[in-house]
Amino acid sequence: MLLAALAASLLVALVVAQGAFADAFTPESGGSQQADDIDTLYKITLYVAIVIFLIVEGTLIWSLTRHRHRRGGPEAAQIRGNTPLELGWTVGAALILVVLTVITFVYLDDIKNPPPSGPDGLASQAQFASLDQPNPPAGGGQTLNIVVSGRQYVWRYDYPGDEPLYSFYEMVVPTGTTVTLDVKAADVIHSWWIPKLGGKVDGVPGHVNKTWFKIPRGREGVYRGQCAELCGANHADMRAEVRAVTPEEFTSWADRTRTDIQQAGQDLAKQRERRLREGETD
Amino acid sequence: MTFAQRLTAPGWYRAALGTALMFAFGGALVVGVRALYGWDPLFNWDAIITVGALIAAPFGYLVGIGCFDYWFYWASGRPTRPEDHSGHGARSWKDYFRVNTDHKVIGIQYIVTTMFFFIAGGLMAMLMRAELAQPGTQFVDPNTFNGLFSVHASLMIFLFIIPVFAGIANFVIPLMIGAPDMAFPRLNALSFWMLPIAGVMMLASFFVEGGAFATGWTAYAPLSTETPLGQQFFTVGVQFAGASSIATALNFLVTIITMRAPGMTFWRMPLLVWANFTTSLLVVIATPFIAGSQFFVLLDRSLGTHFFTPGAGGDVLMYQHVFWFYSHPAVYIMMLPGFGIISEVISTNARKPVFGYRMMAFSLVAIVILGFTVWAHHMFVSGMFSWLRVPMMITTMLIAVPTGIKIFSWLATLWRGVIHLRTPMLFALGFITMFTLGGISGIMLAVVPFDIHVSDTYFIVAHIHYVLFGGSVFTIFAGIYHWFPKMTGRMYDETLGKLHFWLSFIFFNLTFGPMHLVGIDGMPRRVADYAEQYATWNAIISISAFIFGASFLIFLYNMIASWRHGPAAAANPWRAHSIEWQVSSPPPIFNFDEIPTVVGGPYEYGTPGAVHAVFKEKAPAQVPAPAGGGGAPPPTE
Ligand SMILES: [Cu+2]
Ligand SMILES: [Cu+2]
């Protein structure tokens with residue numbers, strides 16, 4: 001009875017804990033090549049993990065069923081060790097881990113270095129291009145570099161260009177374009193993360209951390225995320241959004257926003273001037 | 001006793017007086033200095049609380065309760081109380097509430113005190129699960145929620161897992177190695193009495209302005225240097241917990257090195273002794289680093305230094321390096337003693353020697369060494385040098401090898417044994433299952449890109465609880481059930497024990513298993529509110545968590561009821577061979593009337609007539625026996 005219960009609950013444990021490893025619950029992918037790579041890597045590790053777990057649980061349950069204490073049963077075998085076996089599983093475990101490390105290595109390069117923008121991207125529009133990448137994309141081409149700065153409890157995005165272009169909370173990016181991010185923080189540590197776009201990275205005061213993503217054309221839409229590093233009382237509300245639009249829409253958004261910002265700046269200057277004048281007359 | 005006598009004799013009255021006096025002294029110091037500098041306001045309560053309540057008052061309490069009496073007498077040349085061990089042993093329950101130098105009393109003091117903080121931390125977890133049962137905010141505001149998980153983690157780590165192992169080891173290790181007590185009994189008492197200071201401080205932080213410290217148990221700078229006064233309670237509290245644990249570790253090292261019974265070579269020590277030896281090495285080497293990291297924070301906060309101010313030459317990432325240089329080894333500080341307990345429990349209940357005894361000991365040593373080479377795997381997303389990620393990934397993978405060896409060896413110990421499924425054994429087997437899962441998710445976390453995806457999500461919460469609850473806490477339960485007869489002289493209720501196991505095993509998995517899923521799905525940790533898409537899972541998790549929490553009440557009832565009314569325990573109910581089982585339950589006040597002589601390995605269960613140690617008066621023909629790995633040949637009659 002006890003054994004049945006044990007087996008049943010192990011099954012529950014398997015289903016629940018290992019359910020984490022079911023295909024339906026793999027990391028989000030489909031937004032960016034990088035996220036897809038993470039997904040693949042995860043699955044490889046997962047299959048290795050399942051095999052190891054099954055071996056451990058198999059041995060455990062086998063021993064429990066076959067070697068339970070029974071009146072008049074056999075004596076315990078006095079096995080103190082078995083050098084070949086011990087060496088075997090030491091080397092075996094090490095080998096599995098070496099293989100995992102090597103596979104990770106292979107993917108790591110791909111994940112770390114940004115690819116060039118696609119031909120259908122924003123590449124031709126030099127206005128948005130940034131060439132200050134530490135690792136320029138292997139195939140040449142240009143990228144859009146956005147400075148992301150976190151402060152309690154909002155994200156600010158600064159776009160390149162002579163005239164100021166920035167936004168808060170919602171980042172607008174063109175599809176088909178490699179977007180590189182310089183992540184900073186003004187007060188405490190924050191962490192930039194849009195799950196579907198992979199690449200979580202901390203914004204650390206005094207440091208500039210880099211990451212990137214690229215949303216293929218045809219995947220326009222809104223990608224949501226939130227700050228992933230505890231940054232104070234309202235950390236849970238520090239959300240972020242990436243709105244991916246076609247490069248054409250992006251250009252018009254940028255023009256519009258630039259004008260708005262300029263307009264707002266001029267309004268502000270006028271207001272200040274007026275107040276100053278009124279102050280003088282007072 | 002007159003009131004004046006009470007106030008001068010060591011005890012709670014003098015402790016209260018000392019606390020008050022030292023608080024007044026600290027406060028006066030602050031006010032005096034501010035007056036001299038002409039600062040305004042004169043009464044800066046943040047500074048008065050820091051200096052008076054957090055730093056000065058604890059020393060008043062320690063002196064008052066009587067931790068330093070002997071040393072003061074000795075240092076001032078007054079006659080010290082003779083070494084009659086009159087402070088030894090507990091004759092009534094009141095003896096547990098005063099300074100006592102008996103390792104068995106201290107062990108129980110540790111276990112009961114830490115259980116109190118375990119309950120406090122557990123209740124906070126329940127409150128958090130209530131809040132998280134549905135999206136939105138229902139019970140607590142976000143800042144309180146941040147305080148809850150911060151204090152929860154700090155209590156569980158610094159006031160439960162680490163010290164409860166010290167408690168179990170305090171009781172068991174001297175008996176196990178055939179020593180009359182620890183090497184430094186007075187230091188041992190001081191270590192224990194420092195501990196509640198840390199816990200009380202962490203709990204008290206809820207009552208100061210701005211609420212409890214809310215920066216997580218990791219207290220990352222510069223958040224921790226900017227938050228309200230509550231943070232100070234963590235920063236200083238950790239110092240007391242750390243000092244307590246360093247002093248205990250030193251004590252264990254000296255005790256194990258110098259006080260083993262004749263014949264007890266290192267290769268004849270039970271694996272629990274090995275485990276505590278290696279743990280103590282870790283504690284002594286690593287703990288000063290967290291003390292350092294928190295002193296930096298304290299100095300930045302209180303004295304205006306700039307260790308973590310980027311604009312003034314400080315570096316924020318330095319905090320994380322120093323912090324994790326302790327806090328990764330801390331995971332093994334919380335794990336290795338449990339490994340030792342599991343080896344004892346499995347071998348005894350499978351009636352077999354531990355498979356690969358020497359490899360088991362070597363792998364402990366390997367973990368100690370490798371444990372210091374992996375800290376930066378907690379910083380894969382923090383933007384440290386990216387080249388550093390690869391070596392850290394490799395060492396993190398490597399450390400799984402000695403851990404794997406241990407799991408395989410336990411399985412091989414079960415293999416063809418005669419398995420008695422008593423409560424401690426159930427917990428040991430549950431531990432193997434859950435720790436394997438925690439280890440596997442640990443390896444997945446070593447894979448840098450995957451780590452970047454799930455770090456700071458509920459996957460981490462799941463992983464840490466599989467390692468520290470399914471791992472450490474299950475070994476603690478196993479250990480407490482296993483040695484309960486020895487500690488109390490009474491048997492626990494086996495049926496309730498088994499019920500406790502099954503409920504906690506099932507609902508542990510139902511609570512923390514799904515957290516892997518929501519984590520991979522992108523739910524961040526340390527948030528009071530979350531997106532609608534995670535609502536179903538969180539409701540399930542919360543319900544399981546409540547049942548899981550309630551299962552602890554069975555344990556509590558079992559322990560209290562059995563301690564008071566349980567049937568008397570035999571000296572050796574499990575037919576174990578290690579020395580603590582060869583004396584009465586509970587052991588005599590001075591452990592041994594005669595120091596035992598060790599004649600063989602500790603796990604020779606299947607060899608007829610084999611013994612681990614002999615006492616002179618009933619010494620059988622002494623057989624020269626090989627070491628732990630070698631076993632003893634059957635004695636010739
Ligand atoms: Cu945040
Ligand atoms: Cu670690």
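Each reported figure results from applying straightforward, stated rules to the coordinates on display, with no laboratory input. Since the model is a prediction, treat every value here as computed from it, not as a measurement. Backbone-built Cβ (ideal geometry, glycine too); neighbour counts: all protein chains shown.
Before moving on, here are some points about what is shown:
- Between A:V172 and A:R243, the built amide H atoms are under 5 Å apart, and every one of these is 5 or more places off in sequence or on another chain.
- Cβ-based exposure ranking for B:H577, B:H612, B:H321, in which fewest neighbours within 10 Å come first: B:H321, B:H577, B:H612
- Helical contribution to [θ] at 222 nm, DSSP H n ≥ 4, -39,500 (n - 2.57), averaged over chain B, rounded to 500: -20000 deg cm²/dmol
- Between A:T251 and A:R224, the FRET efficiency estimated from the beta carbon spacing at R0 = 22 angstrom works out to 0.35.
- For A:T143, the amide hydrogen comes within under 5 Å of the amide hydrogens of A:S130, counting only partners 5 or more places away or on other chains and with H modelled in the peptide plane.
- Per-residue mean of foreign Cβ neighbours for A:48-58 is 4 (Cβ atoms of other chains, 10 Å radius).
- Per-peptide packing, taken as the mean over residues of other Cβ atoms within 10 Å, places B:466-476, A:260-270 in the sequence B:466-476, A:260-270 from highest down.
- Separation of the B:I369 and B:F116 label points, Cα + 7 Å toward Cβ, nm: 4.3 nm
- Virtual spin-label span in nm between B:R358 and B:R575, 7 Å along Cα→Cβ: 3.0 nm
- Take every Cα pair under 8 Å whose residues are at least 6 apart in sequence, average their separation, divide by the length of chain B, and the relative contact order is 14 percent.
- Peptide A:70-78, shielding by other chains (average Cβ, 10 Å cutoff): 5
- Shape of the stretch B:335-567, Cα gyration tensor, a/c cut at 1.5: oblate
- Neighbour-count order for A:D202, B:D456, B:D141, fewest beta carbons within 10 angstrom listed first: B:D141, B:D456, A:D202
- For the stretch B:1-66 versus the stretch A:152-216, the gap between their alpha-carbon centres in whole angstrom: 50 Å
- Entries in B:K352/B:K498; B:K94/B:K486; B:K406/B:K616; A:K43/A:K210 that, when Cα-Cα distance is taken, lie over 28 Å: B:K406/B:K616
- Extension reserve of the A:V208-A:R156 stretch, reckoned as 0.36 nm per residue once the Cα distance is removed: 17.3 nm
- The string of couplings for the stretch B:327-340 from the Karplus curve (6.51, -1.76, 1.60, θ = phi - 60°) is 6, 6, x, 4, 4, 7, 4, 8, 10, 4, x, x, 4, x Hz, one whole number per residue in order, with x for Gly and Pro.
- Distance between the stretch B:244-283 and the stretch B:394-438 - C-alpha centres, whole angstrom: 23 Å
- Put simply, when B:231-240, B:523-532 are sorted by average Cβ atoms within 10 angstrom per residue, most first, you get B:231-240, B:523-532.
- Stretching B:T495 away from B:L123 to a fully extended chain increases their span by 131.4 nm, per 0.36 nm per residue minus the current alpha-carbon distance.
- Packing-based exposure ordering (other Cβ within 10 Å, fewest first) of A:E241, A:E86, B:E344: A:E241, A:E86, B:E344
- Here the spin labels are modelled as points 7 Å beyond Cα on the Cα-Cβ line, and at B:H420 and A:K43 they lie 5.0 nm apart.
- FRET efficiency for the A:T259 to A:D237 pair, using the beta carbon distance and R₀ = 30 Å, is estimated at 0.45.
- Tensor-based shape of chain B (alpha-carbon gyration tensor, a/c under 1.5 rounded, otherwise prolate or oblate): oblate
- The stretch B:327-390 and the stretch A:238-282 have Cα centres separated by 57 Å.
- Backbone N within the stretch B:499-520 under 12 Å of label point (7 Å from B:Y557 Cα along the Cβ vector): B:499-500
- Look at the Cα gyration tensor of the protein assembly as shown: its axes a ≥ b ≥ c give a/c of at least 1.5 with a/b at or below b/c, and that counts as oblate.
- For residues of B:307-314, the mean tally of beta carbons on other chains within 10 Å: 2
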